[in-house]
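These notes concern the structure reproduced below.
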Amino acid sequence: MASQYHLKKSCAMTNLYENLLFPSLRQMMHEKSESYESLRERHVQIMWLEQKFFTLLHTTQGFPIQILSPGIWNAEAGPDFLKAHIKIGQQELRGDIELHLTARQWEEHKHNRDSRYNQVILHVAFWEDKQEKELFTSLGESIYQCYLEKSLTIPIPKICQSIDIELYPYEQFVGSGRCAEEIFQKISEDDLKTLFTSASRWRLKQKWAHLNAEITDPSLRFLTGIAGVLGYKNNTAAFQQLFQWIFPFRQLPKENLLVLAMGVCGFFNTHFQNLWKDSVYYQQLFHIFLSTFSHLTLPQFKLHLHQIRPFNHPVRRLALLLELVCNESFLTLEHALNAFWERSWREISNEKEGGLFYKQLMLHFPQFISTYWSTHYTFEEKAQENSLSLLGDDLKGKILLNVFCPALFHRISLKEDLEQLSAFHLFYSSIPHFPSRKTRYLIHRFFGNMTRGKCMKQGVIEQGAYQLHRDFCLHYEASCIGCPFVDRYHASQK
């Protein structure tokens, strides 16, 4: 069992991050030379990111432009850079940046009709069009414009020679934050771990508060929480709403439930009929939909499907979602996990035992094999050679992290049982990290090139970093200007 000293230290660690949050409580081209032909839009994007191939930019109206932060390189659909921070004349702006070789490409690419570009604050073109034209968003708002050609610091051919586009967009993020230089480079590794661990505990509280507020039926809170995890970040709410809507129909055959779920999610529209026309199984499901459900007035659940890997496609997640609805082992999973905790938490006295407990906890998840989904990503005609799991260890871990742990932490905290709370923190600290694009971004933002970035391989540190980004960086993403984190941290150490 943990000593009283370590228990008190654990409580102090939990409060540290909260005191930082609440300090009161503590065109294409004019010429056709060979060198110009080699210039591509990717070069322009890299020029914007690096901010070292041009100087003294002005808008087409003549206002000077100061780049406080170029923003974050967006590798997905939408503007090229997100959350930039610039100053035009005396006006300070935060928003997105779109770049093209010429200004006319704004309308050629139909950005003026696309709501994803409504937050663009500056359109940057390399060459000036012969006829200047005002640009607008889909909301009818005018956008500032500027051209790079007249502000270059080196000749165009040299730009193309200097930029190795194969290195990008790996270096796609805004520079490291102020906190990297003023805090994370200087404090001890123990203090670093304490800070991020404290932030991770605050994150547990916030996750529980969200689950409790969004899911009002206590009997379905755990399963609805899992449904949210299945939806990933872009479809969390849609999957939770779908689960709650379809759960009362759980007495229907599972295949009919899959058909119903696919129908309300739009997977039987013309696009998917054409996409999966060669799939015998899809055609069977579509026939069931036409004969059984097409005459009904059904709700619609809009899913985001852009840039999703086949293994994580929502249609696969629907198959797993229906296991939550129909599989009795899922209906009793929360009870099984809680009962195992009550029987075993006293055996956790260090992180190694916490890791063993985590592995044992994973064994309580239902074991099932889907004849179809174990050999198909979606409705591709040819079956995959390797077996595909609907519920792998990575997904199980995320369910424990995002649903089970917040609820358990809340329950133990209400008991004010310090020994059980200490056992929980040892278990929680043993949960592995789940690396993602966001993780890589935060390593760069918080640690730059420091070897300390390796600490993000610890799940609890990764979770703390996510929370620190959410509470502070998200509001000052582009430049750190105005972010109170550094000053509050220094004040807390006095």
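Each reported figure results from applying straightforward, stated rules to the coordinates on display, with no laboratory input. Just so it is clear, the model here is predicted, and its values are computed rather than measured. No Cβ is skipped: glycine too gets one built from the backbone with ideal geometry, and neighbour counts run over all protein chains shown.
Quick look at the values:
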quantity	calculated
Test item: Cα-centred dipole of the range 34-167, Lys/Arg +1 and Asp/Glu -1 on Cβ, debye	280
Hydrodynamic radius by Kirkwood, which averages 1/r over all alpha carbon pairs of the range 182-325, in angstrom	17.5
DSSP bridge orientation in the chain - percent antiparallel, rounded to nearest 5	65
Highest average packing first - 290-297, 121-128, Cβ atoms within 10 Å	121-128, 290-297
Rg to Rh quotient for the range 383-494, alpha carbon positions, Kirkwood Rh	1.06
Calculated FRET value between residue 271 and residue 188, using beta carbons and R₀ = 45 Å, to 0.05	0.20
Cross-link pairs 83/457; 302/438; 359/396; 83/438; 52/186; 110/133 - those with Cα-Cα distance over 18 Å	83/457; 302/438; 52/186
Sparse-neighbour loop sites [trypsin sites (Lys or Arg not before Pro); the range 181-226; at most 15 other C-beta within 10 Å; DSSP]	186
Residues residue 40 and residue 87, FRET efficiency given R0 of 25 Å [Cβ-Cβ distance, rounded to 0.05]	0.30
Listed peptides 135-146, 451-462 by packing density, highest first (mean Cβ within 10 Å)	451-462, 135-146
Modelled FRET efficiency - R0 25 Å, residue 450 with residue 76, Cβ distances, 0.05 increments	0.35
Base-10 log of normalised Debye intensity for the range 258-410 (one unit scatterer per alpha-carbon) at q = 0.10, 0.21 Å⁻¹	-0.48, -1.38
From the C-alpha gyration tensor of the range 184-263, square roots of 5λ in Å	38, 14, 9
In order through the range 370-378: 3J(HN,Hα) via Karplus (6.51 cos²θ - 1.76 cosθ + 1.60), integer Hz, x for Gly, Pro	9, 4, 7, 6, 7, 10, 9, 6, 10
Residue (of 249, 350, 371) at the positive-pole extreme of the chain, dipole from beta-carbon charges	350
Zone of residue 160's modelled label, taken as backbone nitrogen in the range 79-117 under 16 Å from a point 7 Å along Cα→Cβ	101-102
Extension gain, residue 108 back to residue 139 (0.36 nm per residue minus Cα-Cα distance, nm)	9.4 nm
Sites matching trypsin sites (Lys or Arg not before Pro) across the range 249-289 that sit in DSSP coil, with at most 15 neighbouring C-beta atoms within 10 Å	250, 277
Computed helical MRE - 222 nm, the chain, DSSP H runs ≥ 4 contributing -39500 (n - 2.57), nearest 500	-14000 deg cm²/dmol
Descending principal axes extents, the chain, alpha-carbon based, whole Å	74, 71, 40
In the range 353-458, chymotrypsin sites (Phe, Trp or Tyr not before Pro) in a DSSP loop with at most 13 other beta-carbon atoms within 10 Å	372
The range 49-60 - phi-based ³J(HN,Hα) in whole Hz, Karplus 6.51/-1.76/1.60, Gly and Pro as x	4, 6, 6, 9, 10, 8, 8, 6, 6, 9, 6, 5
Solution diffusion estimate, µm²/s, Stokes-Einstein, the range 34-167, Kirkwood Rh from C-alpha pairs, 37 °C, viscosity 0.692 mPa s	219
